[in-house]
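The values are calculated or read from the model by the stated rules, or taken from the named source; none is laboratory data. Values in this document were obtained by computation on a predicted structure and should not be read as measured data. Note that we place each Cβ from the backbone using ideal geometry, even for glycine, and neighbour counts take in every protein chain shown.
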């Protein structure tokens with residue numbers, strides 16, 4: 001991987017900077033590009049408090065409405081429909097883009113869950129992150145029922161542990177078929193962390209291939225749109241699981257000759273030169289950044305050699321550290337895209353970055369600057385990006401009752417500039433503003449638009465607004481981490497006496513915290529507008 005190192009250059013910035021937006025053509029391309037999501041995992045013995053952690057950035061033009069789907073009792077002959085198109089809906093009731101692919105028998109009892117575009121956590125602290133992964137293009141199938149988000153939904157509605165969810169999804173893939181190329185799910189329960197990778201069976205075939213590997217309890221891991229599971233030992237079911245056809249399908253599709261060592265990522269991944277280039281450009285830097293940040297003593301190379309599946313961190317990892325990793329835009333490193341956009345000091349030779357640019361410079365301006373001065377911006381795929389729809393950092397905690405033990409720290413838009421709202425596993429409902437997506441036009445009744453408006457308006461004057469945004473994030477993060485221990489103690493005691501009251505207390509806290517944050521983001525947007533009376 002070749003990156004430009006810092007070099008002396010003078011650039012006169014006489015260009016009007018527009019608020020970065022994603023065009024429809026960008027959106028269509030982005031669904032196919034290997035830069036869609038980043039997921040970080042932490043085992044319970046690697047975290048500071050014994051939590052298991054999974055996390056997810058939903059990077060792309062996906063729906064941003066969020067709801068709590070309640071648990072329910074169903075009749076013995078009930079069935080549930082399976083859909084595609086949910087990513088592109090405006091509200092929970094919008095059915096315009098939905099297509100029913102079929103139906104399956106319903107469970108007698110389903111659990112409540114937090115319904116994000118890629119479903120997040122259920123009432124039993126079972127939780128998932130997701131990343132689309134680069135795979136051999138021959139694998140994509142058009143025959144069957146399930147996309148990954150519907151597998152997640154069904155598993156969260158029916159399962160209580162990561163192993164149970166993996167086995168159920170494997171059965172559904174075998175019986176009903178997986179209709180996409182490849183995906184990774186990062187799955188936690190209060191005790192374990194697993195990585196689950198699924199691959200299509202090939203055009204015209206029904207079924208799928210999958211493998212799952214457990215992150216050791218004292219390790220951390222990352223998935224950033226590239227297959228990560230290597231060699232598997234199915235004689236060790238505590239750490240590995242796979243579909244019955246994991247080897248036979250590879251032979252049938254001529255991906256493996258049966259002689260070379262079997263590594264899932266190499267056999268089913270995209271081994272073409274184009275695939276290698278895509279991995280180096282979009283995926284590897286994020287993988288390295290996370291693993292190196294948590295285990296710097298390993299001295300992992302950003303540009304050479306295979307990165308390990310997981311690593312033991314030098315120090316135990318807090319949930320706030322994971323949140324901080326999701327703010328990464330590589331400032332002060334050779335991978336900072338705007339490091340050369342400034343003025344050179346004639347005496348020292350150092351470059352002071354212009355106050356007219358910010359880390360999330362859009363691709364049109366990148367192309368323009370590189371036309372003016374070739375190579376002045378070398379693209380780096382940040383972890384924190386503007387086209388993030390929403391992101392989650394999720395904790396499962398074995399020592400607390402399920403309703404209060406599971407927390408989804410939810411935020412919309414660019415995670416570097418977004419306050420995270422704690423949503424407990426026992427939360428009964430969310431504000432109405434959470435039920436409106438921001439991907440189909442501007443609306444002031446959308447929680448996600450409160451975030452996006454303030455975040456975009458903060459960026460053209462990043463020199464002034466960086467401290468403001470970082471201060472707001474710290475203010476509300478400090479508030480939550482100060483208040484939660486008392487709330488959790490109160491709710492834990494109340495659950496023994498009055499479960500309904502305990503869940504009401506949890507829900508009221510989430511609703512009130514959400515109101516405060518949304519009000520603050522609308523106010524931030526209002527305060528930024530006067531900065532641009534003479535244009536952006």
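Quick rundown of the values:
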| quantity | calculated |
| --- | --- |
| For residue 406: the one exception among (1) crowded, with 21+ Cβ neighbours inside 10 Å; (2) modelled with pLDDT of 95 or more; (3) touching a helix residue (DSSP H, G or I) at 6+ places or on another chain (Cβ under 9 Å) | (3) |
| Boolean, residue 528 is in a helix (DSSP H, G or I), assigned by TED's automatic domain parsing to the domain that holds residue 457, farther than 24 Å from residue 114 by Cα and in contact (Cβ under 8 Å) with a residue 24 or more places away in the chain | yes |
| Residue in region 330-346 that is closer than 30 Å to residue 121 by Cβ and either assigned by TED's automatic domain parsing to the domain that holds residue 457 or buried (at least 16 other Cβ atoms within 10 Å of the Cβ) (or both) present | yes |
| Residue check, residue 505 surrounded by 15 or more Cβ atoms within 10 Å (Cβ to Cβ) and without any contact (Cβ under 8 Å) to a residue 40 or more places away in the chain | yes |
| Selection count where residues are at positive phi and either crowded, with 24+ Cβ neighbours inside 10 Å or out of contact with any helix residue (DSSP H, G or I) (no Cβ under 9 Å at 6 or more places or on another chain) (or both), scope region 162-220 | 3 |
| Search result, residues across region 378-434 that are in contact (Cβ under 8 Å) with a residue 24 or more places away in the chain, in a helix (DSSP H, G or I) and closer than 22 Å to residue 449 by Cα | 415, 416, 417, 433, 434 |
| Checklist (1) within 22 Å of the chain's Cα centre (by Cα); (2) in a loop (DSSP other than H, G, I, E, B); (3) modelled with pLDDT of 95 or more applied to residue 33, failing item | (3) |
| Residue within region 514-522 that is modelled with pLDDT of 95 or more, within 16 Å of residue 420 (Cβ to Cβ), part of a helix (DSSP H, G or I) and in contact with a strand residue (DSSP E or B) (Cβ under 7 Å, 6 or more places away or on another chain) present | yes |
| Scan of region 480-498 for residues that are farther than 14 Å from residue 400 by Cα and surrounded by fewer than 18 Cβ atoms within 10 Å (Cβ to Cβ), ordered by number | 481, 482, 483, 497, 498 |
| Any hit, region 242-256, residues being loosely packed, with under 12 Cβ neighbours inside 10 Å and in the same structural domain as residue 46 (by TED's automatic domain parsing) | yes |
| Filter result for the condition that a residue is more than 30 Å from residue 422 (Cα to Cα) and outside the structural domain of residue 414 (by TED's automatic domain parsing), over 143, 86 | 143 |
| Total residues in region 435-467, condition in a helix (DSSP H, G or I) and over 18 Å from residue 536 (Cα atoms) | 7 |
| Unmet requirement for residue 120, which otherwise passes all of (1) over 22 Å from the mean Cα position of the chain (by Cα); (2) buried (at least 23 other Cβ atoms within 10 Å of the Cβ) | (1) |
| Selection within region 348-357 - surrounded by fewer than 22 Cβ atoms within 10 Å (Cβ to Cβ) and at negative phi | 348, 350, 351, 352, 353, 354, 355, 356 |
| Leading residue by the ranking (nearest to residue 284 (Cα to Cα)) among those in region 317-373 that are in contact with a strand residue (DSSP E or B) (Cβ under 9 Å, 6 or more places away or on another chain), in a loop (DSSP other than H, G, I, E, B) and at pLDDT 95 or above | 326 |
| One residue from 461, 466, 515 being within 26 Å of the chain's Cα centre (by Cα), outside the structural domain of residue 123 (by TED's automatic domain parsing) and under 24 Å from residue 354 (Cα atoms) | 466 |
| Among the candidates 418, 450, 454, residue that is surrounded by 23 or more Cβ atoms within 10 Å (Cβ to Cβ), more than 14 Å from residue 393 (Cα to Cα) and in contact with a strand residue (DSSP E or B) (Cβ under 9 Å, 6 or more places away or on another chain) | 450 |
| Check on residue 479, in a helix (DSSP H, G or I) and at pLDDT below 95 | no |
| Matching residues in region 138-149 - criterion: being in a helix (DSSP H, G or I) and out of contact with any helix residue (DSSP H, G or I) (no Cβ under 8 Å at 6 or more places or on another chain) | 138, 148 |
| Condition check for residue 221: in contact with a strand residue (DSSP E or B) (Cβ under 7 Å, 6 or more places away or on another chain), more than 21 Å from residue 165 (Cβ to Cβ) and at pLDDT 95 or above | no |
| Residue within region 74-93 that is within 21 Å of residue 441 (Cα to Cα), part of a loop (DSSP other than H, G, I, E, B), touching a helix residue (DSSP H, G or I) at 6+ places or on another chain (Cβ under 7 Å) and modelled with pLDDT under 95 present | no |
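Residue-wise test of (1) assigned to a loop (DSSP other than H, G, I, E, B); (2) without any contact (Cβ under 8 Å) to a residue 12 or more places away in the chain; (3) over 23 Å from residue 412 (Cβ atoms); (4) in contact with a strand residue (DSSP E or B) (Cβ under 9 Å, 6 or more places away or on another chain).
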position: 54; (1), (2), (3), (4): no, no, no, yes
position: 57; (1), (2), (3), (4): no, no, no, yes
position: 107; (1), (2), (3), (4): yes, no, yes, yes
position: 129; (1), (2), (3), (4): no, no, no, yes
position: 151; (1), (2), (3), (4): no, no, yes, yes
position: 167; (1), (2), (3), (4): no, no, yes, yes
